[in-house]
Every structure is written in structure tokens, then in C-alpha cells.
Amino acid sequence: MEAEQYMKFNSRRSPVLATRGCVASSQPMASKSGVDILEAGGNAADAAVAMAAVLNVTDPASTGIGGDCFALFYDASSNTVKGINGSGRSAIDVSLETYTHLGFSDNNRPPRHHGLHVTVPGAAAGWVDTIETFGSKKLTLQQILQPAIALAEGGFAVHPISANHWKEGVDSLKRESNPHGHTMLLGKRPPRTGDIMRMPLLAKTFKTLAACGKRGFYEGHVAEAIVDIIQSNGGRLSLADLKGHRSTFEDPINTSYHGVRVWELPPNGQGITTLMALNILEDFDLKEMGHGSPEYLHHIIEALKLSFADSLEFCADPNKERVPTEELLSKTYASSRRNLLDPKRASSLVTQGNPYPFSGDTVYLSVVDNGGNACSFINSNFLRFGTGLIPKDCGFALQCRGMNFRLLEGHLNCIAGGKRPYHTTIPSMITSAEDNNQLLATFGVMGGFMQPQGQVQVLLNMVEFGMNPQLALDSPRLCLRIDQQAKMGQDLVHLEESFPSSTFDALWSKGHKVKSMSGFEREMFGRGQVITKGDWWSAETHCGEGERSQVLWAGSDPRGDGMAVGM
């Protein structure tokens, strides 16, 4: 009944328009906290961290301080896009031999809740570093975390999507080897929609972080509790691994597409998948095919197959491996991959290309402030509650990002000590391809391997078909099933039920295996947020003309509980 009640998309929502700042997230209380921080004098980076912390309280199955974060920051004073990688690394003393000695292999991997899957939680350091590097310097960390602390202590009403997340992840909290899992429950059960939930232990952790900075998380009682629960579940992370953790500041990668420039963080994140797919699609007349037509969907599916085949092979920690990022983003390389796309038939097997010349659960939020700065921010535990492991007296779950390592000798993404895994979380931005790199949008679509797929589809909705941000998010999507251990080929394609039956039939005739998804299952298509500066996506306007170009337009995905709020 809940699926029918909460996941029927039978209403409309207008885009939110604003002139002094705007936020968008998957939870109303998180969006409110972002506006509160902006009104208190904070900037886009300050608001983004406040929202990320509130989301840890209100949707802890998806995100939190026990996971990782990534951010892109647009600096309006210099018209530049800067990036921070807040993802964690594996234990220094772990290796492929560690896994093989325990009987694990690429085809027989540790169970999801195993402590080996926990990489160092990078979110705490990422939050602090985002504020210290990109923040306004007008607000303290205590002030920025206070909205989350107040909600965790005072209680909040649980929203429908979050309640479903809690229900789906409850088994991981009740395992015998997870003695503190009950602290994330309401009594002995997950909270239901409308229940009042309090998380005093999480508030305590936030207070420690606010008072002591990064040391309050990566050293002392919080760090000790993290290591205790990991090692008691077979993991190898140590206090030294936590103390040695550092975020990294990185130059974003980009590609041009039909007059706009799309920005992503470089590997170990999978943002390169989005850019490669756009490069492949660039020379096709998608608008002529028609939005949502079988031909249009076929080309998106095949371009994504090609780009995922490459990113799953070559995307890894560039500090440990030679990742051919520049070669993969070459327009010449894209042309060679595009030639493999059959416009009439689904590919039966797609392997990675050769980019070398002559010869390798989540929340997303978005903020634009009154000064024109923007922050595209994403935070994740990976699957529901990650590993589900809860450190004693801490109130948060530990991620399971280590699941994305390959256990295959010689693979660029093979497990190794102190290494970051292939990471699915990817914030994005759009600027003008010319005209002094003006901000056009900050956007993202959360949801594991759906993220680049969602980004491509939402961006095409705006660039090719002139949709406003809310309509671009409302439109039905496809989701290609991704299997890291298999070659990309005739994999299952999920379509939202709102596509007509004729579309399903036409895709089957092209050789695609298609399945319709409805109810809460529609969350697999991602929960996105978009804020654009100006209505450059509209065919009826010309970007840069007058005051109209300064108006912010925002949308929040109907597949989530959230909302956009303008000032």
C-alpha cells in the first residue's frame, strides 16, 4: 500500500525560482538547514555541509559521517571549478593475498557486512576541509553542524522514502555480530513514516567533531570504536589508518557537449563515465529521434554500455595506478567507440577499448549562494547502512565501499593497501563552453551505478529538449544493470512504468532485455537535484541577456522526499 500511496507520480511540481540563493536536496529538513545557513551569512560550501549532516540524521541508511563525500565548488570570483575528494582508503596492511588466504576471490567475494569492506570513512574530513577551503569563514563548524545536532537530539518525523530505506536495511542492524545496531532503531524495529526518531549518539559524535575538528573523529574514542567494530568483523583498518587519512584537492575533468561544458571529479570516481557517454552521443541527432523514443533510448543504452566497459576497466586510484584519463576523454577516442554503436541492434558483448595511443546508497545536494558561488555535493554509505556496522556509542553506520575493489591480480582496481576503490558517487556542474566559463548549473543524480546514467539523461533533457530543471528530473528514465564482474552486453534494462508499452516492445525487437519498474522500485532510477543559473536550456531565451540570466531555477526529484527552496 505504501508503494502505491507514495510512489505514484500523478501530480506536478513547478520549478523553484530564486534570485538570492537556492538549495535542493532529498529531504525538506536538509533543504531548510541550507537556507538557514545562507541567511546566517554562510556560503554555498557552508550550506552544503550543513545539509549533508542533516541528511545523516534524517536518512542514515543512505548517507552519513561513516561514509565518503565528494564536492565540486564553483568560485564566482574567478569563474573556476574546484574539487575535493573525500573518499577513504583501504587498510595499509591489506592485500589481494589477505583475501585469497581467507578463501575469497573475484567470483567469491566477502559477504556485504564483512569488515574487510570498510574503507576509512572520509566524510568527516571532507566536511571540515570543504568548510575550511571553500567556506565563507563567517560561521564556525559548530554553527554549521547545529541544525543536525538539534534534529538528532530533539527528534524529527521520518519521511516515507527514508522509512522505506530503514526497513530495507534493518536486517544488517540486527545481526549478532553487530551489537550496537539496535541504537539505530526505534525500540526493536525500524521507524515508520510519521514516527518521531531521535539519534542522541549521532548528536554526540557531531558535537565531538565540532569541538575537536578532524581529530575528534580520526583519533580518540570515536576512532577506537570504529576500529573495534571493524576488526571484530574481520576487517583490517587500524587506528593508524584513521589518523593518517587525508582528503585530496583535485582539478576536475570536463568535456564539451553542444555548447556547454560538463565537469566531474577525476577517478577514482566514475564521473568519467558520464563524460565518455556524452562524447559518444555528441554526433548523433538525438533531438530528431524524439525524447523517449525507442531510437533515442537505444542510443543512450549503447553509449552507456561502451562508457561503462571502459570505466569499469580503467577507473581506479590514480595515486596507485596509471589511469588514462586524458586518453579516455579524447574526442578522437570517442569517435572510435561511437563507430561500434549499431543504431538498429543491441550489442551482444561490449569490451573495454584501448585508450592508449599506438598500442587501461547515497544522497546528493546542490547549493547556489547570493554571491554566485555553487557547491555540488554528494555523500554516501553505498548500500543500505553500508556494512550496517555501528561503532559503540557513535550513532552512525560504516560504509562498504571496499566492495567495489576487484579481487583480480593485474586489474587497475585490484585491492591493495592504502588504496581508494572505484567510487560511484559523483557530483557534477555545467558551465558555458565559452564565454569565460560562466556557471550554468550544479546538478547530480544519486544511486550507485545509476549516477552517470541519470546525469546523462537529465542533462540531455535540458540541453537537447529544452526542459526546465524540475521537468528534466520528472521525466521517466532508464537504468542499465551494471555487473562489475561481467562484460557489458545484453544486460537487463529497467524502464519506469510510465513509458508506453510500445516502447518496451520496440526495445525488445532491437535485442534489449527490458523490465518495467514501479512503486518504491523506481528509486533505482536515482534521486536528483538541479539548480540552473538562468534559463539557458530554453529555446525561447538567449543566455546572458539582462537580469533574467541571473535568476536561479531549481528542481528536486519526485523519486525522493526532498524539495528545492529559493531565497
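Overview of results
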{"read-out": "Proxy reagent accessibility, fewest Cβ within 10 Å first, across M450, M403", "value": "M403, M450"}
{"read-out": "Calculated [θ] (222 nm, deg cm²/dmol) that DSSP helices of n ≥ 4 give over the chain, each run adding -39,500 (n - 2.57)", "value": "-10000 deg cm²/dmol"}
{"read-out": "Part-to-part distance (alpha-carbon centres) for the stretch 65-113 and the stretch 408-475, which is given in Å", "value": "17 Å"}
{"read-out": "Net dipole in debye of the stretch 212-264 [+1 Lys, Arg Cβ; -1 Asp, Glu Cβ; about Cα centre; nearest 20]", "value": "80 debye"}
{"read-out": "For the chain, with +1 on Lys and Arg beta carbons and -1 on Asp and Glu, the positive-most of S87, I149, L408 along the dipole", "value": "I149"}
{"read-out": "Proximal lysines relative to K510, as straight alpha-carbon distance under 18 Å, when same-chain residues fewer than 8 apart are discounted", "value": "K305, K344"}
{"read-out": "Filtered trypsin sites (Lys or Arg not before Pro), the stretch 495-567: DSSP coil and at most 15 other beta carbons within 10 Å", "value": "none"}
{"read-out": "Phi-based couplings in Hz for the stretch 43-59 (Karplus 6.51, -1.76, 1.60; Gly and Pro marked x)", "value": "10, 4, 5, 4, 5, 4, 5, 4, 5, 4, 5, 5, 5, 4, 6, 8, 9"}
{"read-out": "Solution diffusion estimate, µm²/s, Stokes-Einstein, the stretch 411-567, Kirkwood Rh from C-alpha pairs, 37 °C, viscosity 0.692 mPa s", "value": "188 µm²/s"}
{"read-out": "Charge dipole magnitude, Cβ of K and R +1, D and E -1 - the chain, Cα centre, debye nearest 20", "value": "1140 debye"}
{"read-out": "Peptides 260-268, 173-181, 187-195, 15-23 ordered by average Cβ neighbours within 10 Å, highest first", "value": "260-268, 15-23, 173-181, 187-195"}
{"read-out": "Size of the stretch 136-193 as Cα extents on the principal axes (Å, biggest first)", "value": "45, 27, 19"}
{"read-out": "Pairs of alpha carbons in the stretch 153-224 whose separation is greater than 17 Å (percent)", "value": "53 percent"}
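All of the numbers you see were taken from the coordinates with simple rules; none came from a lab. Worth saying up front: this structure is predicted, and the values here are computed from it rather than measured. Glycine gets a Cβ as well: all are built from the backbone with ideal geometry, and neighbour counts include every protein chain shown.
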